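The values are calculated or read from the model by the stated rules, or taken from the named source; none is laboratory data. In this text the structure is predicted, and so the values were computed from the model without any measurement. Cβ: placed from backbone, ideal geometry, glycine included. Neighbour counts: every protein chain shown.
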Amino acid sequence: MKLVILGGGPGGYAAAIRGAQLGAEVTIIEEKKIGGVCLNTGCIPTKTLLRAARWLHEQEKMEDYGIDVQMKLDFDQLMQRKNDVVEQLTSNVEMLLAAHQIRIINGRGIVKNSQTVKVTTEEGVQDISFDKLILATGSRPMMPPIPGLDLPQVVDSTGALSFKEIPERLTILGGGVIAVEFAILFEALGSKVAMMEMLPTILPREDELVQEAMTEILKQRGIDVYTDATLKKVEKVGDGLKLTATGGGIPAFLETKKLLVATGRQPNVEGIGLESLGIKVHNKAVEINEYLETNIAGIYAIGDLTAKMMLAHTATHQGLLAAENAMGQTNKMDYRSIPGGLYTFPEAASVGITEQEARKTRDDIKVGLFPYEALGKALADYEMEGFIKIIAEAETNEILGVHILGDRATDLIAEGALAIGMEACLEEVAHQVHGHPTFNEGMGEAAMAALGLPLHLFPE
């Protein structure tokens with residue numbers, strides 16, 4: 001079985017490994033670098049920078065513990081550390097693929113017909129035949145049609161990770177996860193940050209309580225947050241920019257050194273030969289069924305290309321299932337229990353539906369809320385900011401959603417994801433013994449609160 005994978009990001013290389021494990025002869029065609037956006041210009045480099053930013057932010061906390069620390073940032077060294085981390089991880093993935101005897105072709109692949117991909121490399125053009133094909137070409141930053149966004153001081157998330165120096169003033173267009181992470185990051189590094197979001201709230205897909213809490217945190221950090229705001233045009237002024245905007249209480253003109261555009265991502269459907277086979281595209285994303293297969297038998301699509309949930313771990317799981325299905329299995333993809341994370345400080349994470357969604361679709365629900373300030377471990381670690389919120393169906397107590405704001409939220413959400421995936425009820429989480437002292441205790445406490453039996457909360 002010849003399995004060809006067009007794209008070597010988290011979904012593509014996961015599919016390659018699983019295909020090789022199941023006996024396929026696997027080839028990855030990757031135009032840029034193995035690891036895709038996540039490893040090279042997304043998840044990993046941003047988290048490396050956020051680690052340093054958090055240390056800087058926590059200096060005041062250290063003083064309360066009797067630790068006198070005067071930190072000084074060497075930005076060049078920080079960026080080198082980011083590059084070293086990326087290099088180490090991508091090299092590890094390449095070695096892993098080699099160990100599975102997976103062939104990697106560095107070039108641009110275009111689907112030629114139902115059995116062939118044409119690949120253009122530095123050496124020339126070659127045809128690669130396949131029995132099954134997995135499309136994993138990822139996505140790219142979306143750039144709205146606003147005059148002036150082609151100026152050199154305007155960057156996307158990739159450009160922001162390559163700054164030579166910390167901008168004195170940074171304005172961020174967008175209010176989603178990427179925008180909020182960069183706002184927290186550069187404020188901690190020393191920039192004066194402003195955010196512009198055209199919707200009524202930042203983090204529009206999150207639970208309202210998370211939206212409100214994170215908005216307040218941003219403002220407390222000195223970040224200007226403008227919602228219901230529209231950017232009209234961008235002009236060069238000196239070595240900076242003048243932004244013309246309307247709505248949301250935003251000044252008519254804003255001056256900034258850099259403008260980071262973080263208004264979402266769009267699937268890479270163009271120029272890969274989809275039209276040659278009539279592969280269906282809807283809303284600029286490749287259509288797939290629950291088995292990850294396109295409308296053409298034997299051709300699968302995964303990751304951001306499908307726009308199901310533009311998360312690296314979604315792509316990875318899709319890749320595993322697509323490879324298994326290409327090798328004869330029949331595994332369905334379930335998106336209900338896929339968690340999402342916001343790697344700010346404090347962090348935020350969620351899985352399942354929000355309270356506002358639950359109230360629209362259910363007759364009655366139960367909500368349990370447990371604040372971090374009531375957790376012994378949070379108090380010991382000086383991380384009292386946050387909460388754990390559980391939403392359940394009132395009649396059956398089945399858990400529908402979990403939303404966490406606070407330290408280690410992106411790790412804690414795993415229990416919520418497992419609960420939703422296993423269709424667990426409040427009683428099962430409440431009766432599970434959670435270690436003490438841990439942040440994880442908050443999950444059990446929130447479940448007890450939803451049942452009306454909170455342990456470490458005062459009675460109402």
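Numerical summary
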quantity: So L218, is it at pLDDT 95 or above, in contact with a helix residue (DSSP H, G or I) (Cβ under 9 Å, 6 or more places away or on another chain) and either in a helix (DSSP H, G or I) or of a type in the set (F, W, Y) (or both); calculated: yes
quantity: Test result for E324, in a helix (DSSP H, G or I) and out of contact with any Lys or Arg (no Cβ under 9 Å at 6 or more places or on another chain); calculated: no
quantity: Within the range 6-19, considering residues that are under 12 Å from L320 (Cβ atoms) and among the aliphatic types (A, V, I, L, M), the one nearest to the chain's Cα centre (by Cα); calculated: A14
quantity: Boolean, G12 is crowded, with 20+ Cβ neighbours inside 10 Å and out of contact with any Pro (no Cβ under 7 Å at 6 or more places or on another chain); calculated: yes
quantity: Single match in G240, G249 (criterion: in contact (Cβ under 8 Å) with a residue 24 or more places away in the chain and small (G, A, S)); calculated: G240
quantity: Any hit, the range 432-453, residues being of a type in the set (D, E), under 18 Å from V351 (Cβ atoms) and within 27 Å of the chain's Cα centre (by Cα); calculated: no
quantity: Yes/no for I223 being under 27 Å from K360 (Cβ atoms) and out of contact with any Cys (no Cβ under 7 Å at 6 or more places or on another chain); calculated: no
quantity: Tally of residues being over 20 Å from S114 (Cα atoms) and surrounded by fewer than 16 Cβ atoms within 10 Å (Cβ to Cβ) across the range 277-308; calculated: 4
quantity: Residue within the range 70-82 that is over 23 Å from G303 (Cβ atoms) and acidic (D, E) present; calculated: yes
quantity: Residue within the range 294-306 that is assigned to a strand (DSSP E or B) and aliphatic (A, V, I, L, M) present; calculated: yes
quantity: Failed condition for A183, given (1) under 10 Å from A262 (Cα atoms); (2) under 16 Å from the mean Cα position of the chain (by Cα); calculated: (1)
quantity: Test: L89 is over 18 Å from L3 (Cα atoms), touching a helix residue (DSSP H, G or I) at 6+ places or on another chain (Cβ under 6 Å) and buried (at least 16 other Cβ atoms within 10 Å of the Cβ); calculated: yes
quantity: Single residue of the range 361-386 satisfying the filter (modelled with pLDDT under 95 and not acidic (D, E)) that is farthest from A446 (Cα to Cα); calculated: T361
quantity: Restricting the range 114-136 to residues that are touching a Phe, Trp or Tyr at 6+ places or on another chain (Cβ under 8 Å) and in contact (Cβ under 8 Å) with a residue 60 or more places away in the chain, the residue that is surrounded by the fewest Cβ atoms within 10 Å (Cβ to Cβ); calculated: K132
quantity: Given (1) within 25 Å of W55 (Cβ to Cβ); (2) surrounded by 14 or more Cβ atoms within 10 Å (Cβ to Cβ), index of the condition R362 fails; calculated: (1)
quantity: Residue among L189, L209 that is closer than 19 Å to L342 by Cα, in contact (Cβ under 8 Å) with a residue 12 or more places away in the chain and crowded, with 20+ Cβ neighbours inside 10 Å; calculated: L189
quantity: Test: residue in the range 407-422 that is more than 18 Å from the chain's Cα centre (by Cα) and assigned to a loop (DSSP other than H, G, I, E, B); calculated: yes
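Residues checked against (1) in contact (Cβ under 8 Å) with a residue 24 or more places away in the chain; (2) part of a helix (DSSP H, G or I):
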position	(1), (2)
A52	yes, yes
Q70	no, no
L78	yes, yes
K82	yes, yes
L89	yes, yes
I105	yes, no
G109	yes, no
K112	yes, no
